[in-house]
């Protein structure tokens, strides 16, 4: 059925796809293991998330804890967490984009 080396080309294509998949998995694991840190409010609140977008630490300076203004502290925490998650997303997108040549590959990351 195949003429002139077609099976060899298919084997090469499959090998390249497997190699790319392995590189994607390794790169994803590398980014997931990183810690992304965001500080807001002039250093009042720091949030740390990993590349899986899991919060791993929240640091709050004692002087910003005001029982009369809990809403401000809540807003600072939300802001810090969202920024750290955004940074993790950007890193994952950048890393995966380098490997996929900018192709959108749903489900990979």
| request: With respect to residue 24, determine if the residue is more than 22 Å from the chain's Cα centre (by Cα), part of a helix (DSSP H, G or I) and in contact (Cβ under 8 Å) with a residue 24 or more places away in the chain. | output: no
| note | Going through segment 35-46 in order, the residues found to be touching a helix residue (DSSP H, G or I) at 6+ places or on another chain (Cβ under 7 Å) and more than 14 Å from residue 77 (Cα to Cα) are 36
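Table: residues versus (1) surrounded by 11 or more Cβ atoms within 10 Å (Cβ to Cβ); (2) at pLDDT below 90; (3) part of a helix (DSSP H, G or I); (4) out of contact with any helix residue (DSSP H, G or I) (no Cβ under 9 Å at 6 or more places or on another chain).
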residue	(1), (2), (3), (4)
2	no, yes, no, no
9	yes, yes, yes, yes
17	no, yes, yes, yes
48	yes, no, no, no
80	yes, no, yes, yes
88	yes, no, yes, no
| said: So, in segment 27-46, exactly how many residues are part of a loop (DSSP other than H, G, I, E, B) and crowded, with 17+ Cβ neighbours inside 10 Å? | reply: 2
| said: When the residues of segment 50-64 are narrowed to those that are farther than 30 Å from residue 101 by Cβ and assigned to a strand (DSSP E or B), which ends up farthest from the chain's Cα centre (by Cα)? | reply: 60
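The values are calculated or read from the model by the stated rules, or taken from the named source; none is laboratory data. This one's a predicted model, so the numbers in the text were calculated from it and none came from an experiment. Ideal geometry is used to build each Cβ from the backbone, glycine not excepted, and the neighbour counts take in all protein chains shown.
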